[in-house]
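Written out below as structure tokens is the structure these notes cover.
The values are calculated or read from the model by the stated rules, or taken from the named source; none is laboratory data. Fair warning: this is a prediction, and the values are worked out from it, not measured in the lab. Every residue, glycine as well, gets a Cβ built from its backbone with ideal geometry; the counts of neighbours run over all protein chains shown.
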Amino acid sequence: MSQRWNDWLGKPLRTHDMVSQPAVNRFAALLDVPQPIGADAPHGFHWCLCLPDANMADIDSDGHPVRGAFLPPIALPRRMWVASDVSFHTPLQIGAQIERVSTVMSVAEKDGSAGSLAFVEVDHVTSAGGTVAIRERQTIVYREAVGSVQATAYTGGARPDLSNWTWHRHMVPNEVLLFRYSALTFNSHRIHYDLPYATAVEGYPGLVVQGPLTASLLLDLCVRELGSDVLTSFAFRARTPAFAGPEMHLVGRRDGGEISLAAIGHDGRTIISASATIRS
């Protein structure tokens with residue numbers, strides 16, 4: 001690990017928020033699930049808390065806050081949230097006062113087949129009412145600019161083979177879903193809502209589905225199958241981008257106390273692989 005990033009390592013950033021009923025209701029509406037008044041927030045709602053609040057003057061051309069404050073000023077232009085490992089300790093209750101302590105733990109620079117890469121790992125500890133509720137290790141990757149990202153055009157043909165999966169939910173992530181999630185998370189990264197930017201500048205064939213949105217949909221699949229407040233951990237890895245328009249298959253299976261999950265594209269590619277554990 002290069003010492004030039006030492007000034008950004010190990011320095012905690014504290015942010016605060018509150019679990020409000022209206023915000024939880026909006027997240028539940030995104031998932032198309034009922035949210036009884038006073039019920040705990042659904043899994044995945046923690047990604048809607050302690051959001052960045054950079055002024056417009058501090059927003060970069062890609063829509064993200066300018067680098068160099070909390071995250072190191074890595075020069076590679078394309079940024080993606082590619083993985084998270086999450087442990088759930090206590091539910092997020094309506095009205096809870098939230099404190100999140102975020103710390104950059106490591107920066108690793110590598111040369112891969114697609115060019116230069118930089119991996120940044122960030123720890124987040126989210127406490128509710130003074131008690132640790134969620135721990136998370138987030139991985140962000142920075143990449144070089146490219147001419148295009150290959151994606152098979154959606155033709156509406158035969159569905160992929162899902163016979164190895166027990167749970168299955170079919171959906172189409174459209175532009176409205178992406179916009180609503182960006183609004184919920186105050187995420188102004190332009191690849192999720194600005195089609196000319198996503199295609200002409202970052203080289204994608206369409207609007208990019210947010211990784212934590214797909215992860216939240218997989219968490220919701222677990223809740224639909226197992227009930228609420230049964231998960232103790234959840235981890236996801238982004239394998240290939242998903243884009244607004246083509247269908248997506250949310251799948252899972254249970255083996256004792258362990259859950260295997262995935263988001264599968266219309267062409268059979270794994271968009272996200274994930275795993276979860278449940279209380280014994």
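Which of the residues spanning the stretch 207-244 are of a type in the set (Gly, Ala, Ser) and either farther than 12 Å from ILE278 by Cβ or crowded, with 20+ Cβ neighbours inside 10 Å (or both)?
Kept after step one, since they are of a type in the set (Gly, Ala, Ser), are these residues of the stretch 207-244: 211, 215-216, 227-228, 233, 235, 238, 242, 244.
Scanning the stretch 207-244 gives GLY211, ALA215, SER216, ALA235, ALA238, ALA242, ALA244.
Within the span defined as the stretch 236-246, every residue fails to be closer than 24 Å to LEU226 by Cβ and hydroxyl-bearing (Ser, Thr, Tyr).
So that you can scan it fast, the table gives a plain yes or no per residue for (1) hydroxyl-bearing (Ser, Thr, Tyr); (2) at pLDDT 95 or above; (3) under 26 Å from ALA242 (Cα atoms):
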{"site": "PRO22", "(1), (2), (3)": "no, yes, no"}
{"site": "LEU30", "(1), (2), (3)": "no, yes, yes"}
{"site": "PRO34", "(1), (2), (3)": "no, no, no"}
{"site": "ASP40", "(1), (2), (3)": "no, yes, no"}
{"site": "TRP47", "(1), (2), (3)": "no, yes, yes"}
{"site": "PRO52", "(1), (2), (3)": "no, no, yes"}
{"site": "LEU76", "(1), (2), (3)": "no, no, yes"}
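Residues satisfying the criterion are absent from the stretch 187-198 (criterion: on the phi > 0 side of the Ramachandran plot, touching a residue at least 60 places away in the same chain (Cβ under 8 Å) and assigned to a loop (DSSP other than H, G, I, E, B)). Consider the stretch 85-123 and keep the residues that are touching a helix residue (DSSP H, G or I) at 6+ places or on another chain (Cβ under 7 Å) and part of a strand (DSSP E or B). The one that is farthest from ALA39 (Cα to Cα) is VAL107. Cβ-Cβ distances below 8 Å connect the following pairs, each with a first residue in the stretch 126-153 that is acidic (Asp, Glu) and in a strand (DSSP E or B), a second residue that is at pLDDT 85 or above and buried (at least 19 other Cβ atoms within 10 Å of the Cβ), and a separation of six or more residues or different chains: GLU136/HIS46; GLU136/SER84; GLU136/VAL86; GLU136/HIS124; GLU136/THR126. None of ARG14, ARG79 is closer than 23 Å to THR139 by Cβ, loosely packed, with under 14 Cβ neighbours inside 10 Å and not hydroxyl-bearing (Ser, Thr, Tyr) except ARG14. The residues of the stretch 250-280 that are crowded, with 20+ Cβ neighbours inside 10 Å, touching a strand residue (DSSP E or B) at 6+ places or on another chain (Cβ under 6 Å) and either of a type outside the set (A, V, I, L, M) or modelled with pLDDT under 95 (or both), listed by number, are GLY252, GLY265. Taken together, the criteria place GLU247 among residues that are at pLDDT 95 or above, farther than 14 Å from ILE272 by Cβ and charged (D, E, K, R).
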